[in-house]
Structure formats: C-alpha cells, structure tokens
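Following: one structure in structure tokens, then a few remarks.
The values are calculated or read from the model by the stated rules, or taken from the named source; none is laboratory data. What you see is a predicted model, and the numbers here were worked out from it, not measured in a lab. Glycine also receives a Cβ, built like all others from the backbone with ideal geometry; neighbour counts cover every protein chain displayed.
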Amino acid sequence: MPLGREPPGAGHDLLVAPSRFGPKEAEHGADGGQAHGAVAERLRPEPVLVVLEPVGQLLGDGLVQAGGQQSSDALVCHDLGVPATPLAAAILAGGLGRRFDGRDKSRLVVRGQPIIVRQVDVLQRLTPDVFVVARDRARFADLGLPVHLDLVEGAGALGGIYTALEATSADRVLVVAGDLPFLSEALLRELAARAGDHDGAWVDTARGAEPLLACYRRHAAARIRAALDAGDFKAAHLDRYLRMASIDETALARFGPIDELLANVNTPEDYARIQ
C-alpha cells in the first residue's frame with residue numbers, strides 16, 4: 001500500500017505509526033510462537049502515514065494565535081471553531097488636543113509608551129478586530145490598524161461611538177477614549193459580558209457614566225443616529241435611548257484602583273499627575 005495522505009482536518013498533524021505485529025501477534029502478544037509469527041509475517045500490513053494538514057491559523061476570529069497558544073477571547077466558541085458573539089474594539093481619537101497646543105493626546109508617553117500603544121496592546125488580547133475612529137487617517141498609519149473617519153462631522157464623542165458601531169459587523173464593540181492610559185483587560189471583558197442582555201454596558205460611578213469606557217451592541221447604532229439627528233450630542237445621555245447595564249463603584253474596585261482605571265488625560269495637569 002503506498003504512502004497515503006488524508007484531506008485537511010481540524011488543524012493537527014496525526015501520525016499513524018506502523019504496527020509491529022500481525023493480527024495474531026496483536027491478539028496473543030509478541031511471544032505467540034513461530035507458527036503464529038509466520039502467519040503474521042504474511043499478513044502484516046505495510047505501514048501507512050496519514051497526515052492531516054492544518055487548515056491554517058484562524059487569526060481572523062482569534063481562535064489560534066502564533067505559537068499554538070489559545071486566544072484569550074472569552075467570547076469565542078472553541079468547540080465549534082467559530083466566534084459565538086464577535087467582539088470588536090474601537091479607540092476614539094478624534095479630539096483636537098486644544099489644551100495640548102494641538103498635540104495628539106493619544107501619543108503622550110505614559111510609563112515608557114504612548115497611550116495608544118498601551119491601549120492597542122490590551123485590546124488585541126481581547127479581539128483581533130481593533131480599529132481607530134479619527135478625523136485623519138494619516139496620523140495613525142504607523143499603527144497598522146484600520147482608521148475610520150467620523151461619519152457625522154462635528155458630533156463629538158457620540159458621533160465617534162456611532163461611527164464605531166457602523167464600522168464593524170461585530171455584535172459587540174468596546175469603545176474607549178484615546179486618552180485612557182490604564183485600560184484593564186479584565187474590566188473590558190466584564191463590560192463585553194454585561195452588554196449581552198442590554199444595548200450596552202458602561203462604568204457608572206459617583207463621577208457619572210463613562211460612555212467612552214463601555215461596550216455597545218451594534219444594533220444600538222440606529223437609536224444613536226436618531227439622537228444625533230435630534231440634535232442631542234451628549235454621550236452621557238445615552239441611557240435615555242439605550243438600555244445600559246452598569247458597573248458601579250463597588251464592582252469597579254474589583255478591577256484595580258478606581259482613580260487609575262478612570263484616569264484620563266484631559267489637561268496638562270492630568271498628564272503631570274499620572275506620570
């Protein structure tokens with residue numbers, strides 16, 4: 001029998017080793033006697049090598065990463081090999097940086113890295129579908145990420161959220177402001193989980209709701225567009241239009257120091273404080 005090759009399988013190589021014994025020896029053991037050995041010698045099959053070729057690394061849905069490591073995306077159904085509830089992540093970086101003399105806040109260095117680089121590192125642990133919403137693609141070309149321009153010019157943060165939801169086919173979209181240097185992977189994962197039974201989920205403490213530390217369901221885009229068309233551009237008003245699950249102060253404290261989790265860089269004073 002010649003060397004055989006099976007069609008591609010589930011992504012693993014399988015070696016079928018040659019049998020050392022014939023049928024009788026396999027039944028009675030290697031010391032079954034010469035008579036049996038002679039029969040076995042005549043009946044011994046030729047070895048067959050069966051190779052199941054890998055289908056390929058499924059980087060598109062985050063199931064298999066380089067090096068054979070399992071993805072950390074908890075929203076993937078590994079048994080079926082397909083995403084159960086696809087997740088995307090958007091960094092909103094469309095601000096004008098007026099308080100920083102026009103400098104891009106997302107490029108400010110915190111603990112040795114630009115804020116946006118720190119954010120991408122965290123978000124890519126959750127999903128390979130990470131992108132930027134901004135006014136200018138060229139500013140972020142070095143990141144190697146898709147950059148989507150605001151669909152509603154001058155609509156502020158709410159317009160950025162709307163653009164993020166329209167830019168992807170994912171069911172849930174994490175949305176973070178580009179000036180949050182201390183994103184928590186565990187917190188973002190919790191927001192994505194809580195969004196499942198609502199239109200979205202956000203952090204909501206005594207400081208107020210955090211619409212740019214949140215996860216939204218894609219179907220919420222229509223209601224957000226209705227708010228924009230009605231002239232309501234305040235992202236903090238989203239709970240008037242959407243059913244939002246919340247992570248309150250008590251729950252938030254489980255993920256780390258609240259002042260760090262919510263720290264953002266709105267002013268030079270903020271920047272100096274977190275250095």
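Among the candidates A245, A235, which residue alone is in contact (Cβ under 8 Å) with a residue 60 or more places away in the chain, within 25 Å of the chain's Cα centre (by Cα) and surrounded by 12 or more Cβ atoms within 10 Å (Cβ to Cβ)?
A235
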Exercise. Inspect region 130-142 for any residue being in a loop (DSSP other than H, G, I, E, B) and under 13 Å from the mean Cα position of the chain (by Cα) and give the result as yes or no.
Key: no
Scanning region 252-275 for residues that are over 22 Å from A157 (Cβ atoms) and in contact (Cβ under 8 Å) with a residue 40 or more places away in the chain, the one surrounded by the most Cβ atoms within 10 Å (Cβ to Cβ) turns out to be F255
Among (1) in contact with a Lys or Arg (Cβ under 8 Å, 6 or more places away or on another chain); (2) in contact (Cβ under 8 Å) with a residue 40 or more places away in the chain; (3) not β-branched (V, I, T), D129 falls short only on (1)
Scanning region 109-128 for residues that are in a helix (DSSP H, G or I) and basic (K, R) gives R118
Within region 213-226, residues in contact with a helix residue (DSSP H, G or I) (Cβ under 7 Å, 6 or more places away or on another chain) and surrounded by 21 or more Cβ atoms within 10 Å (Cβ to Cβ) come out as A214, C215, Y216, R217, A220, I224
A272 passes all but one of the listed conditions (1) modelled with pLDDT under 95; (2) of a type in the set (A, V, I, L, M, F, W, C); (3) in a strand (DSSP E or B); the exception is number (3)
Reported set for region 134-181 where residues are touching a Ser or Thr at 6+ places or on another chain (Cβ under 7 Å) and hydrophobic (A, V, I, L, M, F, W, C) is L151
Going through region 234-275 in order, the residues found to be more than 19 Å from L187 (Cβ to Cβ) and β-branched (V, I, T) are T267
Output for Cβ contacts, cut-off 6 Å, separation at least six or different chains, first residue basic (K, R) in region 180-202, second outside any loop (DSSP other than H, G, I, E, B), reads R194/A201; R194/A245
